[in-house]
Structure formats: C-alpha cells, structure tokens
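Following: one structure in structure tokens, then a few remarks.
The values are calculated or read from the model by the stated rules, or taken from the named source; none is laboratory data. Treat the numbers as computed from the prediction; the structure is a model and nothing was measured. Neighbour counts are summed over all protein chains in view; Cβ atoms, including those assigned to glycine, are modelled from backbone coordinates with ideal geometry. Accessible surface areas use protein heavy atoms only, side chains included; no ligands, DNA or RNA. Shrake-Rupley method; radii C 1.70, N 1.55, O 1.52, S 1.80 Å.
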Amino acid sequence: MEKANFEESMQKLEKIAVELEKGDLSLEESLTKFEEGMKLSKECNEIIENAEKKITILLQKEGELVEENFTPEA
C-alpha cells in the first residue's frame, strides 16, 4: 500500500474532524474516526519532519557553492 501524500492526508484529516464535530456518530464510530485521525496526524508529522531534514541552503562563498543544513528558527 502506497503512503498518501501530505495534501491527501490533510484532506482526510479535515474530513474526519468535520465528522467528529457534527456529533452524529456513535461512540464506537467516533473512536474509530479518532484513531484514524491520530494515525493520519502522525503520518503528516513524519512527512514534515522528513522534509525538514532534506532542506538545505546553498550559499555562494568565494566562488564555491557550500551546502549547509537548514536550521529552523525557534
């Protein structure tokens, strides 16, 4: 099974949030949707973390390209 991309996962997560907010689901259905949402949230977080790890900044220094790791500002 191929992992969904970030945008698809976020759309599914938003749909689940809307369904849960409506309050029309049974307790069991709500729990199932919540568990699915938590899984999607974790997958989205992993996608973001992996993307941050891949980001590099190229700087021009004395005619040479220097690759530096990206460090997010806190």
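Table for the structure above
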item	result
Rounded accessible area of E19 (nearest 10 Å², 1.4 Å probe)	50
Accessible surface of S41 - all protein chains present, 1.4 Å probe, nearest 10 Å²	50
Cross-link pairs K22/K42; K15/K39; K15/K53 - those with Cα-Cα distance over 25 Å	K15/K53
Total formal charge among the other residues, if their Cβ is under 15 angstrom from that of K22, Lys/Arg +1 and Asp/Glu -1	-3
